[in-house]
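K.L.:
Following this message is one structure expressed as structure tokens.
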Amino acid sequence: MLNLLYGMLTSNPLGLTEHQLIKLLKDQQHPFFVEADLHDPLSLFRTHFVLFNALYQLRDQLRASSSFDLHISALLIRLESYTSQHDLPQTAIQHSDPLRAYYLDLSHLQATDRRAAEQLLYGSLHSLTPSAQVQEALTELGIAQSWHELSDKDLRQHYRQLVSTHHPDRGGCTQRLQRINQAMDVLRQQRDLSRR
């Protein structure tokens, strides 16, 4: 699977979202992903976990044997090239990476049942992932303001401005627009969850 992921990422130098990568794996008839039901919380969690487990393995492999690194987030998964191992950013060399440790520990996959998956997905557990996803989405949208201080009106206005600027009909990039839309979906879901 690592070679397949590497090939897909090499073919998409601007990167892919997690959803796009899962779709490509389904299209390639990968045995695990072809059966994934992304509308079912447990299947969604398992699909996400297996993909991120493979991505962190691939990143470790690349860092150990090449001048490539792998940016991993739900909003953007992209190969990054460096002229040498010495050019890797300090963050790539750090040994303490809680997300890496989580996804490479298969006991988390085995121990997460339907109830736990629903709690993770719907935000009733206080984990690193939801706040990290919100911060990633804000960064993708270029919003420096704190999530809790950001009004719905300001968020919508900023989003509309970005869509207008990056729409392909106006000379923008389709992949950039997709990342903007996915970031906005993350923020909308978080707002909906916080209002329940």
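The values are calculated or read from the model by the stated rules, or taken from the named source; none is laboratory data. Please read these numbers as outputs of a predicted model, since none were measured by experiment. Cβ: placed from backbone, ideal geometry, glycine included. Neighbour counts: every protein chain shown.
K.L.:
Confirm whether Ala111 is exposed (fewer than 14 other Cβ atoms within 10 Å of the Cβ) and either modelled with pLDDT of 85 or more or closer than 30 Å to Leu177 by Cα (or both). Break it down stepwise before answering.
P.N.:
Working: exposed (fewer than 14 other Cβ atoms within 10 Å of the Cβ): yes; either modelled with pLDDT of 85 or more or closer than 30 Å to Leu177 by Cα (or both): yes.
Taking the combined requirement at face value, the residue satisfies it.
K.L.:
Quick one: count up the residues across the range 1-15 that are part of a helix (DSSP H, G or I) and either basic (Lys, Arg) or in contact (Cβ under 8 Å) with a residue 24 or more places away in the chain (or both).
P.N.:
Residues that pass the stated criteria total 6.
K.L.:
Let me ask you something else. Take the residues in the range 16-36 that are outside any helix (DSSP H, G or I) and over 17 Å from the mean Cα position of the chain (by Cα), then tell me which one is nearest to Ala183 (Cα to Cα).
P.N.:
Among those that are outside any helix (DSSP H, G or I) and over 17 Å from the mean Cα position of the chain (by Cα), it is Ala36.
K.L.:
Right, next: Among all residue pairs at least 6 apart or on different chains, which show Cβ distances below 7 Å where the first residue, located in the range 138-160, is farther than 16 Å from Gln182 by Cβ and the second is of a type outside the set (Phe, Trp, Tyr) and crowded, with 17+ Cβ neighbours inside 10 Å?
P.N.:
Trp147/Val134; Trp147/Leu138; Leu150/Ile143
K.L.:
Mind listing whichever residues of the range 177-196 are under 25 Å from Gln20 (Cβ atoms), of a type in the set (D, E, K, R) and either surrounded by fewer than 16 Cβ atoms within 10 Å (Cβ to Cβ) or modelled with pLDDT under 85 (or both)?
P.N.:
Asp185, Arg188, Arg191, Asp192
K.L.:
Of the residues that sit in the range 24-67 and are in contact (Cβ under 8 Å) with a residue 60 or more places away in the chain and touching a Leu at 6+ places or on another chain (Cβ under 8 Å), which one is surrounded by the most Cβ atoms within 10 Å (Cβ to Cβ)?
P.N.:
Here the answer is Phe45.
K.L.:
In the range 37-86, how many are among the hydroxyl-bearing types (Ser, Thr, Tyr) and in a loop (DSSP other than H, G, I, E, B)?
P.N.:
Qualifying residue count, the range 37-86: 6.
K.L.:
Among the residues of the range 57-75, what is the count of those that are at pLDDT 90 or above and either outside the structural domain of Asp105 (by TED's automatic domain parsing) or out of contact with any strand residue (DSSP E or B) (no Cβ under 7 Å at 6 or more places or on another chain) (or both)?
P.N.:
Qualifying residue count for the region: 4.
K.L.:
Give the number of residues within the range 177-192 that are within 14 Å of the chain's Cα centre (by Cα) and of a type outside the set (A, V, I, L, M).
P.N.:
Here the count works out to 5.
K.L.:
Of all residues in the range 148-176, which are under 22 Å from His19 (Cβ atoms) and either surrounded by 17 or more Cβ atoms within 10 Å (Cβ to Cβ) or not β-branched (Val, Ile, Thr) (or both)? So that I can check it myself, show each step before the final result.
P.N.:
Restricting attention to the range 148-176, the residues satisfying the condition of being under 22 Å from His19 (Cβ atoms) are 155, 159, 162-163, 166-168, 172-176.
If the condition is that a residue be under 22 Å from His19 (Cβ atoms) and either surrounded by 17 or more Cβ atoms within 10 Å (Cβ to Cβ) or not β-branched (Val, Ile, Thr) (or both), then Leu155, Tyr159, Leu162, His166, His167, Pro168, Gly172, Cys173, Gln175, Arg176 are the ones that fit.
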